[in-house]
Amino acid sequence: MRILILNWRDLSHPASGGAEVYTEQVLRRWAAAGHQVTLFAAAVAGRPADEVREGYRIVRAGSRFTVYREARRWWQRHGRGHFDVVIDETNTVPFQAHEWVDDGARTIALVHQTCEEIWHINAPPLLAHLGRHLSLIHLGGGPILAVSASTREALARFGAHDVTVVPEGYEPPDPLPRPAKEELPTAVFCGRMVRYKRPGDVVRAVELARAAIPGLRLWMLGGGPLLDRLAADAPDGVDFLGRVSEQEKHDRMARAHVHLAASVREGWGLVVTEAAALGTPTIAYDVPGLRDSTQAAHGIVVPPRPEAMADHLVQALPGWLEQPPRPLAYGGAHSWDDVAATLLDAVDRHARCPRGPMLVAA
């Protein structure tokens, strides 16, 4: 098949995350299987406008806000007539490819999460209300694949009825890091320092728990706009390390005794899967996405309040200090080979259906 996928970022983008990991893992396997795969994404400083990586082509143009317009222009000039399937990967705002792909190619939407609460964090009230509803209003028109039950339930509120849950993917590092756990009780947070990840809640939870767990430390891994302010106000025992290498991230996650996650919403919560594969359990807020990955990884979900996270940290950490959990194969997810094959089967199946938007939620 000749497949075009539209995403506002690729894995080279400094703000890339779990959705981009998902995309890269799937696309390189599709390319290795002999399919012609092209990814269109926003421009990245220092990266070429057109390159081949892991067997698939990446075309870059536009910014965070103009990539949608540039994708349509590129299609009109270079894409029309050259693809069998166009996958509209939605991260907050869809490309609306089903409205402008006009040559008979099948359009499919790949939705990582519905982003409902995130709109209200990142935009003024009126824009948030319009964005939340207008960006999702088209989602009920066809069959959908979702990587979590939470995504399926969220999509149902926007009129989607034919939703099938498919596995999330993960590939543990090889070799798997097996360092000794820290001598002092240590928690770790790994994510961008942005409002919807609620890093301040994690800091507050650890600060509260220190009264009952002397010497409790917290490593905050990740960059982002809130980093400098949070680091300047960090209480004793909390270290902000910024964006670190994959090697250091895996090493610290494996050495920590517990991983903490407090996002408003996730599509799945890949960092929970990573931690479990390294032998570190998670305490996470009971919110869409995080509840799916945390329960799959045998972690603990708690009401979304720092006080609740602190209480469960105090209850669970002593047992994990005494006997750390063993690494969980694939962290509760599936191999990327399985995910790529499952999605390709779905794309191929729906590409053969009569013209009309089909939606894949991840």
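The values are calculated or read from the model by the stated rules, or taken from the named source; none is laboratory data. From a predicted model like this one, the values you see are computed outputs, not experimental measurements. Every residue, glycine as well, gets a Cβ built from its backbone with ideal geometry; the counts of neighbours run over all protein chains shown.
Residues that are touching a helix residue (DSSP H, G or I) at 6+ places or on another chain (Cβ under 6 Å), at pLDDT below 80 and buried (at least 21 other Cβ atoms within 10 Å of the Cβ) within the range 70-112 comprise just one, HIS112. The lone criterion from (1) assigned to a loop (DSSP other than H, G, I, E, B); (2) modelled with pLDDT of 80 or more left unmet by SER150 is number (1).
Which members of the range 295-307 meet the condition of being surrounded by 17 or more Cβ atoms within 10 Å (Cβ to Cβ) and either part of a helix (DSSP H, G or I) or basic (Lys, Arg) (or both)? Step through it out loud before you land on a result.
The first filter runs over the range 295-307 and keeps only residues surrounded by 17 or more Cβ atoms within 10 Å (Cβ to Cβ), leaving 295-297, 299-302, 304, 306.
Within the range 295-307, GLN295, ALA296, PRO306 qualify.
When we screen PRO179, PRO175, PRO281, PRO225 for residues that are out of contact with any Ser or Thr (no Cβ under 7 Å at 6 or more places or on another chain) and either assigned by TED's automatic domain parsing to the domain that holds GLU89 or under 17 Å from VAL302 (Cβ atoms) (or both), the only hit is PRO281.
Among the residues of the range 312-350, the ones that are charged (D, E, K, R), in contact (Cβ under 8 Å) with a residue 40 or more places away in the chain and closer than 30 Å to LEU208 by Cα come to 1 in all. Scanning the range 51-69 for residues that are within 17 Å of LEU27 (Cβ to Cβ) and either among the aromatic types (Phe, Trp, Tyr) or surrounded by fewer than 18 Cβ atoms within 10 Å (Cβ to Cβ) (or both) yields GLU51, VAL52, ARG53, GLU54, GLY55, TYR56, ARG57. A residue that is assigned to a strand (DSSP E or B), in contact (Cβ under 8 Å) with a residue 60 or more places away in the chain, not hydroxyl-bearing (Ser, Thr, Tyr) and not assigned by TED's automatic domain parsing to the domain that holds THR90 occurs nowhere in the range 232-251. Scanning the range 14-53 for residues that are acidic (Asp, Glu) and either within 26 Å of ARG265 (Cα to Cα) or at pLDDT below 95 (or both) gives GLU20, GLU24. Only a single item in (1) in a loop (DSSP other than H, G, I, E, B); (2) closer than 15 Å to PRO199 by Cα; (3) within 24 Å of the chain's Cα centre (by Cα) is not met by VAL271, and it is number (1).
For the range 64-98, a residue qualifies if it is assigned to a helix (DSSP H, G or I) and in contact with a strand residue (DSSP E or B) (Cβ under 9 Å, 6 or more places away or on another chain), and the qualifying residues are VAL67, TYR68, GLU70, ALA71, TRP74, TRP75, HIS78, GLY79, ALA97, HIS98.
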